[in-house]
Each structure stands twice: as C-alpha cells, then as structure tokens.
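Novice: This is the structure I have questions about; it appears just below.
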Amino acid sequence: MAQFEIYRNPSQKTKEAFPYIVDIQHSIINDLATRLIIPLANAEVMSNQAMKKLTPLIEYNDRKYFLVTPQLTSMPKRLLKQPLGTIELQRRHIIDALDFAITGI
C-alpha cells in the first residue's frame, strides 16, 4: 500500500457523499492492521461548506473533490481492495491541510 493512493469508499453508508478515500499513511508503518484515510467529497455536494486550507480542492480523473480533512479516520486495511490511482502530485495540499488541522497555521 502506498501513501496517497485512492480507493473506492467501501462503506455503504457514506460512499454516496464520499465516493473515494485517500490513504495518507506512510508505508514505513505498513505493518499495522489499519490505514489512516481521508475521504474525498464531490465538489458539488460540499461547495458551500469548504474551508480552503482545511478542505483543499483535489483533482482526480478530471473531476474535482474536496479532501475532507476533518473526517480523518482509520480503516482496516483489509477493506482497501484495489487502488484506483494516486494523488501524490497533490501531496503538498494534503500535508498543508493536515498541518492546518493540527497547528492552525
């Protein structure tokens, strides 16, 4: 499993609002049974709720999604099946959002 890979959201309850999740955990801690993930929300669904630094706009497959950093959680890695792609090129925005959530800067 690689950091910043995208997966389909396996949750039946939340996959409509959050179709994808991003694995943000570094591979150096791959031995854990869980992975840290952040959901991606369709930009149209959240357009009025976005906070630019906390929920940056992420492009994936020519569509726009908000990285919903306040929804950071862990998930059993067995639920993360086949990765669909990566957003590693947008790493800076993801790290900035996490930093803002923790430090407020």
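Laboratory data are not the source of any read-out in this text; all were calculated from the coordinates shown. All values derive from a computational prediction rather than experimental measurement. Methodologically, a virtual Cβ is constructed for each residue, glycine included, from the backbone with ideal geometry; neighbour enumeration extends over all protein chains shown.
Novice: Can you pull out the trypsin sites (Lys or Arg not before Pro) in the range 8-105 whose DSSP state is coil and whose Cβ has at most 12 other Cβ atoms within 10 Å? Intermediate results must be reported in sequence, preceding the final value.
Specialist: Numbers: sites: R8, K13, K15, R35, K52, K53, R63, K64, K77, R78, K81, R91, R92; in loops: K13, K15, K52, K53, K81.
In loop regions of the range 8-105 (DSSP not H, G, I, E or B), the sparsely surrounded trypsin sites (Lys or Arg not before Pro) are K13, K52, K81.
Novice: Counting pairs on different chains as well as pairs 8 or more places apart, how many Lys pairs in the range 5-103 have Cα atoms under 25 Å apart?
Specialist: 11
Novice: For a label point 7 angstrom out from the Cα of A33 toward its Cβ, which stretches of the range 72-91 have the backbone nitrogen within less than 13 Å?
Specialist: The answer is 75-79.
Novice: Averaging sequence separations of C-alpha pairs under 8 Å and six or more residues apart, then dividing by the length of the chain, give the relative contact order as a whole percent. Working shown, then result.
Specialist: On the way: 184 pairs, mean separation 31.4, N = 105.
Relative CO of the chain lands at 30 percent.
Novice: Work out the FRET efficiency for L57 and M1 from their Cβ-Cβ distance, taking R0 = 25 Å, and round it to the nearest 0.05.
Specialist: Details: r = 25 Å, r/R0 = 0.99.
Computed FRET efficiency for L57 and M1: 0.50.
Novice: Over the chain, what number does the Rg to Rh ratio reach, with both radii from the alpha-carbon atoms and Rh per Kirkwood?
Specialist: On the Cα set of the chain, Rg over Rh gives 0.93.
Novice: Determine the gain in length on full extension of the stretch E16-L72; use 0.36 nm per residue of separation and subtract their C-alpha separation, reporting nm with one decimal.
Specialist: Numbers: separation 56, 0.36 × 56 = 20.16 nm, distance 1.74 nm.
Fully extending the segment from E16 to L72 adds 18.4 nm.
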